[in-house]
1. State the number of residues belonging to region A:4-20 that are crowded, with 18+ Cβ neighbours inside 10 Å and more than 25 Å from residue A:224 (Cβ to Cβ).
2. Being assigned by TED's automatic domain parsing to the domain that holds residue A:213 and in contact with a helix residue (DSSP H, G or I) (Cβ under 9 Å, 6 or more places away or on another chain) is the requirement here; does residue A:439 meet it?
3. So, of the residues in region A:338-360 that are β-branched (Val, Ile, Thr) and more than 7 Å from every other protein chain (Cβ to nearest Cβ), which turns out to be surrounded by the most Cβ atoms within 10 Å (Cβ to Cβ)?
4. Can you pull out every residue in region A:384-402 that is surrounded by fewer than 20 Cβ atoms within 10 Å (Cβ to Cβ) and either in a loop (DSSP other than H, G, I, E, B) or in contact with an Asp or Glu (Cβ under 6 Å, 6 or more places away or on another chain) (or both)?
5. Against the conditions (1) surrounded by 18 or more Cβ atoms within 10 Å (Cβ to Cβ); (2) closer than 27 Å to residue A:209 by Cβ; (3) not small (Gly, Ala, Ser), where does residue A:328 fall short? Just the number, please.
6. If you take the residues in region A:302-311 that are within 11 Å of chain B (Cβ to nearest Cβ) and under 11 Å from residue A:375 (Cα atoms), which one is surrounded by the fewest Cβ atoms within 10 Å (Cβ to Cβ)?
7. Any residue that is assigned to a loop (DSSP other than H, G, I, E, B) and more than 16 Å from the chain's Cα centre (by Cα) - is there at least one of those in region A:163-174?
8. Where residues in region A:438-486 are over 28 Å from residue A:31 (Cβ atoms) and of a type in the set (S, T, N, Q), which of them is surrounded by the most Cβ atoms within 10 Å (Cβ to Cβ)?
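The values are calculated or read from the model by the stated rules, or taken from the named source; none is laboratory data. Values in this document were obtained by computation on a predicted structure and should not be read as measured data. As a convention, Cβ positions derive from the backbone with ideal geometry for all residues, glycine included, and neighbour counts pool all protein chains shown.
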Amino acid sequence: MLNASLKDLSSGLAQKKISSLELTKLFLGRIRALNDKLNAFITVDEEKSLAQARAADGRIAKRASQPLTGIPVAHKDIFVARDWLTTCGSKILSNFVGPYDAHVIARFNDAGAVILGKTNMDEFAMGSSSESSFYGPVKNAWSTDCVPGGSSGGSAAAVAARMAPAATGTDTGGSIRQPAALSGVSGLKPTYGLVSRYGMIAFASSLDQGGPLAKSAEDLALLLNAMAGFDPRDSTSVEREAEDYARDLNKPLAGLRVGVPKEHFGEGLSADVGKAVEAALAKLEKLGARRVPVDLPNSGLSVPAYYVIAPAEASSNLSRFDGVRYGYRAKNYRDLGDMYRKTRAEGFGAEVRRRILIGTYVLSHGYYDAYYLKAQKIRRLIAQDFVEAFERCDVVIGPTSPTVAFRIGAKTSDPVQMYLNDIYTIPANLAGLPAASIPCGFGVGGLPVGLHIVGNYFSEAKILNVAHQYQRETDWHTREPAGLKQ
Amino acid sequence: MPLTLKEVLDIAALARIGIGEAEAQAVQADLNNIFELIGQMQRVDTEGVEPMSHAQDLALRLREDKVSETDQRELFQSIAPQKEAGLYLVPKVIE
């Protein structure tokens, strides 16, 4: 049951082979057994989850269920949920109980899904290892000495360890795809604007995008069907007709043009990852796809441009945390200015403070053109590279991350090394394109490798089609960490 | 051009983040490494390139000017650090 697909869980629930209450208890038990070891969840509230499960069972009995009714889903602690502690991995929100539901949470609630808990993450989603959480680092389910990736590391670890059948995440520079890769699960960052940002605590608003993490592409499609959709409360939410993201899963890949950017196979890519990705490309060719060399010449500048744009937006977004209306407030202060400075110094961790300082500097008078405007121009060049690539191919495929999971603590003292983890994922955020990571083998230390599939705008169904066809022919996505087997 | 310690302290003041001299020195080293990375941008000629401020060319939506929210003051204030009579309390700013 812990390994079942969402489709199977859904039909099991509809046919009354299992109740949502039983299913929810099963996963809550699994969380109880493993969370001390992995630290994947910040908040679990069994009573609340079980109440939702009972309500779902009532709905199923009345034959008013939808595909996700009764299915427990873990949510990244960046999504505000009414009456749930919502910390965003930060001390500054350590007492913040959500007064309303994020659009994503409301969508899952409306679909009858059960909130299984709130997952651990890098503070304010700023990180690639889930080590910057105020609530302690998340451990990789495959090797507890290693990081699970980040920032949605708790969600990735929870799915990898079968503590949750599915989870939500957010992706600003790779925060769904990189932890999916390092934790051996599937994850999708949709096209910018597809999933509402309402109630999703803002990091860098022109890049932030919510999406699902699960065991397979087929599961991702079901989850995205529930998550995506227009929301007038998000000013950048796109108005489009609803689509079924599972509609193309079973299309054959014959004739598919797979763009392979040489820039993502050069210096910095470790040999084990390169080998697994090459094997995956060969498999896709066997399925009828054709390799097309493409160029992303400005790809190497994505990290520098990102570390101007994202901190700039963050410094503005995070100005709301001032100890006045909600959240942590410093205990002792002389006056209002002192209260702000102490609240923010004590409430934010080192990486968040660092990024606010970078953002404040690049936006300050006299530096705007040299940094912020320059980064926006490079952002255009990067987006343009993809426009040209997609004239020649249907999807761009490469590695999600240059290495497999690294050891906890290995990169915490060197921010630049940490930032370079996202070198292959950031370009899709800057361009606003959809992209997925799916398991494609194992590298050094028996740790999972992720295959990165980038599509053109609104081509989620195509990405999921490619991923599903690959997963029909391979079993990497069905492997689970041996040490945690039931 | 590397950031000076004074610049780091000035930025922290602008960002309303209290920072001591010792921490400022550590932060200064980190920031300078990061700005060295960021500096790679200057290698590229971007003359005439239109800045891209957003992932999609969207125009802001307009809506009718009518009330769409309900009054949730009590609910929202229930999580405030300090409040009184429906107001948020902060240290006195005007004598």
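1. Result for region A:4-20: 1.
2. yes
3. Result: A:352.
4. Passing the criteria: A:391, A:392, A:402.
5. Just one mismatch for residue A:328, condition (2).
6. Taking the candidates together, the pick is A:303.
7. yes
8. Checked region A:438-486; the qualifying residue surrounded by the most Cβ atoms within 10 Å (Cβ to Cβ) is A:465.
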